[in-house]
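**Student:** If you scroll down you'll find the structure; I have some questions about it.
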Amino acid sequence: MKIKYIIIPAVLLLTGCIGVNRQFSEVKEKILGSFSNEFRTEFQFSVGSSAINISSLVVGLADEHEYVDDMMREISNVQVGVYNKVEKSNARADYRLLQLIDEEMSENGLKYIVRSLDNEEMTAVYVNDDPGEVLHKMYIINLHDDELVIVEVTGDLKQVIAYAIEEKSFNLKM
């Protein structure tokens, strides 16, 4: 009987925490595949809505950061992958890689809103491609020096942006 008091909270906390989903893995494999195994996984994880909601409760206890709690409640999942370049690797950010990432993201229904390629650093931000659809998914991809970072955030991101604008007191109508 006491075991259910341990299992139920553990299941709720770990929902989405075990691994990244298939789409995230496909994006990662497409990018890493272009480098011929020149990167090794440092870590990758997924945090589901249950863990985010519990975190937002903790953040909500701090009076001065009320907007952070509100924003966290709008996020349903976060996936993060950090990959390190192996020693003596010649892998670097270039326009060909950026085009490859653009193609993969387009196949997954995402379009870029920001792309930057400067020296050996590349950063790109992608959102869902359907303009009539609520903004619900965003990818951030950064390749710099010896590290590749991929982040996917899902949820009501339009509302997250609205909270951020409201907090900074911009006079914009949304």
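**Student:** Tell me, in nm to one decimal, what length is gained between Tyr95 and Leu117 on full extension, where the rule is 0.36 nm per residue of separation less the Cα-Cα distance?
**Tutor:** Additional length available on full extension: 7.2 nm.
**Student:** Can you compute the equivalent ellipsoid semi-axes for the range 90-139, i.e. the square root of 5 times each eigenvalue of the Cα gyration tensor, sorted largest first and rounded to whole Å?
**Tutor:** 23, 11, 7
**Student:** Work out how far the C-alpha atoms of the range 73-174 reach from end to end along every principal axis, then list the three figures in whole Å, largest first.
**Tutor:** Extents along the principal axes: 49, 28, 24 Å.
**Student:** Please compute the net charge surrounding Ser46, taking Lys and Arg as +1 and Asp and Glu as -1 over other residues with Cβ under 14 Å from its Cβ.
**Tutor:** Result for the neighbourhood of Ser46: +2.
**Student:** Separation of the range 107-136 and the range 27-45 by C-alpha centroid, Å?
**Tutor:** Cα centroid of the range 107-136 versus Cα centroid of the range 27-45: 19 Å apart.
Rule-based calculations on the coordinates, nothing more; no lab input. From a predicted model like this one, the values you see are computed outputs, not experimental measurements. Note that each Cβ is placed from the backbone with ideal geometry, even for glycine, and that neighbours are counted across all protein chains shown.
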